[in-house]
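Trainee: Pasting a structure below so you can have a look.
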Amino acid sequence: MHVRVSIIGTGYVGLTTALALAYIGNEVHCIDQNPRVLESLTDGRVPIHEPGIEDLMAMNLSLTFGEWDSFDPASDVVFIAVGTPRKDNGDADLTYVEAVADEIGRRIDEKQALTVAVKSTVPLGTARRVEAILINHFRERGLATRFSVASNPEFLREGAALYDTFYPDRIVVGANESFAVNTLRELYTPILEQTFTPPAGIPRPQGDKLPVFLTTTPTSAELTKYAANAFLAMKISFVNEFAGLAEYVGADITEVARGIGLDDRIGLRYLAAGAGWGGSCFGKDVSAIRHTAAQYGYDMYLVEAAVQANLRQHESIVKKLQARLKVLRGTTIGLLGIAFKPNTDDVRDAPFLSVARRLLELGATVKTHDPVAMPTCRRNHPDLDVIYCDTPEELARDCDALALLTEWDEFRHLDYVKLGQGMRQRIIVDGRNALNRVAIKAVGFTYVGVGR
Ligand SMILES: NC(=O)c1ccc[n+]([C@@H]2O[C@H](COP(=O)([O-])OP(=O)(O)OC[C@H]3O[C@@H](n4cnc5c(N)ncnc54)[C@H](O)[C@@H]3O)[C@@H](O)[C@H]2O)c1
């Protein structure tokens, strides 16, 4: 099927979706309002870090970028993939989504059928709200366009965004009209049936499991996304809570996690104890769904506990440093990793931010190194008074301790003899249980893990 697709918002979700849909044979035009992002994309440069994304950008796909003036009024499907950041009251900010609905309503042509798919993570009722904005415009303009607003939540993981988009577990569509469901099903058919040739560097996983196409109501689709993120956050907080107990009783959480994760009912993923979760989604989504529940006077006990446990987990890294160094004022601490997880440059809500801020409050000097996230951090947190270092060796120089906060592959194979030579004291807090503690201890470091 040849569908004219417009994607609004070219961040982690919008750009990934655009590349994947163009790769499987669609004509895709993307709109963004950020001049920096657009300039980069129209030059063929990718403004974010995602494995495989540069190679797809370099292909000759039917993929274009522009400002709102370039919006294709004949689009068949318009995806909304703009941000929904946290407001001060905890709810998701719908300003961007509503502004997009407004632009679509003003610009779309009279059409036989238009499907608007909301990919952004949005509070319940947002599909209906977008629909109302469009109806107002169509009435004003006297358009008889048949249209449907579907909720099509996104489940990709940053750091594996293209992989997850080409090989999803499921695609969820919540819509009230069957034509929107059918249009999206057709659009996704090459992915649902896995009939495309895998892009170089993003091989198809082994096995013959095909993605499930799950259709439901818009409200259930919207809630599915929040429930998924709340569950994953809770799973990580759960293992972190047990990691804390493991430290008291002398157990090893990595073995306990494997022991429970091998049970199919539990599963091994998202069971790695560490410095706690962060990122652009978990914190704001968990906050938004609690806000929604509060509007009904309904307590989300487990979700609330997941947040509390996570705050304690960020703080636990600082406590481990205090336990070894006693007074932190006057010390120099090197933080290995800024990004909230490896293979991304995203620093939104990264544990690094809360650990660095707390250390600064306590009077320590904070140095940091990250293979890709330093420019993003500098740009988004210009006031954060940390020293950016170009190499791990430069980072370690004159440090009293190091703490690993992001398990980048390159951090797993550092030359600890060399690092240790420049340090004042050889202490390393492995906030991701990712390092070879035997090798590290062998060269004279004090090694401190999480829950072991
Ligand atoms: N990042 C993830 O891992 C992820 C995963 C699943 C769902 N989501 C959800 O998807 C949505 C987008 O997330 P993201 O991380 O891609 O965001 P992002 O901040 O990386 O990108 C959003 C883009 O939208 C653009 N934009 C904002 N308002 C606009 C407007 N009126 N017109 C045109 N462009 C506009 C911004 O300039 C920006 O480039 C959010 O709701 C998020 O919760 C994100």
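The values are calculated or read from the model by the stated rules, or taken from the named source; none is laboratory data. Quick caveat: nothing in here was measured; it's all calculated off a predicted structure. Methodologically, a virtual Cβ is constructed for each residue, glycine included, from the backbone with ideal geometry; neighbour enumeration extends over all protein chains shown. These accessible areas exclude ligands, DNA and RNA; they are computed on the full protein's heavy atoms, side chains included. Shrake-Rupley method; radii C 1.70, N 1.55, O 1.52, S 1.80 Å.
Trainee: Enumerate the aspartates and glutamates that Lys326 could reach by cross-link, defined here as Cα to Cα under 16 Å, with residues fewer than 8 away along the same chain left out.
Mentor: Cα-Cα hits under 16 Å: Glu315, Glu361, Asp400.
Trainee: Helix 218-249 versus the longest principal axis of the chain: what angle, 0 to 90°, nearest 10, using Cα atoms?
Mentor: It is inclined by approximately 10 degrees.
Trainee: Okay, next question. Report in % the part of the accessible area of the stretch 232-448 that belongs to carbon and sulfur, leaving out ligands and nucleic acids; probe 1.4 Å.
Mentor: Summing carbon and sulfur atoms, their accessible area is 52 percent of the total for the stretch 232-448.
Trainee: Just read off the accessible area of Ser40 with the full protein assembly in place, 1.4 Å probe, to the nearest 10 Å².
Mentor: Surface accessible to solvent at Ser40 totals approximately 10 Å².
Trainee: Ignoring ligands and nucleic acids, what accessible area does Arg141 show with a 1.4 Å probe (Å², nearest 10)?
Mentor: Near enough 90 Å² of accessible area.
Trainee: May I ask for the angle, rounded to the nearest 10°, between helix 301-325 and the longest principal axis of the chain, with both axes built from Cα atoms and the value confined to 0 to 90°?
Mentor: Roughly 30 degrees between the two axes.
Trainee: In nm, to one decimal, how far is the modelled label at Tyr298 from the one at Phe196, with both set 7 Å along Cα→Cβ?
Mentor: Each label point is offset 7 Å from its Cα along the Cβ direction, giving 3.6 nm.
Trainee: Please arrange His413, His369 by accessible surface area, largest first, computed with a 1.4 Å probe and ligands excluded.
Mentor: His413, His369
Trainee: In nm, what is the difference between 0.36 nm times the number of residues separating Asp43 and Glu315 and their Cα-Cα distance?
Mentor: Between Asp43 and Glu315, full extension yields an extra 93.7 nm.
Trainee: Once you put a point 7 Å from the Cα of Glu186 and another 7 Å from the Cα of Ile387, both along the Cβ direction, what distance in nm separates them?
Mentor: Label at Glu186, label at Ile387, 6.2 nm between them.
Trainee: When a/c reaches 1.5 or more, the comparison of a/b and b/c decides; with that in mind, is the chain rounded, prolate or oblate per its Cα gyration tensor?
Mentor: prolate
Trainee: Modelled label-to-label distance, Arg36 and Leu262, 7 Å Cα→beta-carbon offset: nm?
Mentor: The answer from the label model is 4.8 nm.
Trainee: Angle between the Cα long axis of helix 12-23 and the longest principal axis of the chain, 0 to 90 degrees, nearest 10?
Mentor: The answer is roughly 60 degrees.
Trainee: From the cross-link list Lys87/Lys111; Lys225/Lys367; Lys87/Lys235; Lys319/Lys441, which pairs have alpha carbons spaced over 28 Å apart?
Mentor: Lys87/Lys111; Lys225/Lys367
Trainee: Let me ask something else. Assuming a ≥ b ≥ c are the square roots of the Cα gyration tensor eigenvalues, decide whether the stretch 299-396 counts as rounded (a/c under 1.5), prolate (otherwise, with a/b larger than b/c) or oblate.
Mentor: oblate
Trainee: Same structure, new question: Which part of the stretch 3-42 falls in the paramagnetic zone of Glu177, meaning amide N under 20 Å from the point 7 Å along Cα-to-beta-carbon?
Mentor: From the stretch 3-42, the list is 3-8.
Trainee: Using a 1.4 angstrom probe on heavy atoms only, work out the carbon and sulfur share of the accessible area of the stretch 4-216 in %.
Mentor: It is 46 percent, rounded to a whole number.
Trainee: So, with +1 on the Cβ of K and R and -1 on the Cβ of D and E, and no other charges, what is the size of the charge dipole of the stretch 232-448 about its Cα centre, to the nearest 20 debye?
Mentor: Dipole of the stretch 232-448, to the nearest 20 debye: 420 debye.
Trainee: Return the FRET efficiency for the residue pair Asp208, His413: r is the Cβ-Cβ distance, R0 is 45 Å, and the value is rounded to the nearest 0.05.
Mentor: Result of the calculation: an efficiency of 0.80.
Trainee: Tell me the per residue accessible area of the chain using a 1.4 Å probe; a whole number in Å² is fine.
Mentor: Per-residue value: 45 Å².
Trainee: Further question: Please give me, ordered by residue number, the trypsin sites (Lys or Arg not before Pro) of the stretch 188-264 that lie in loop per DSSP and have at most 12 other Cβ atoms within 10 Å.
Mentor: Filter output for the stretch 188-264: Lys209.
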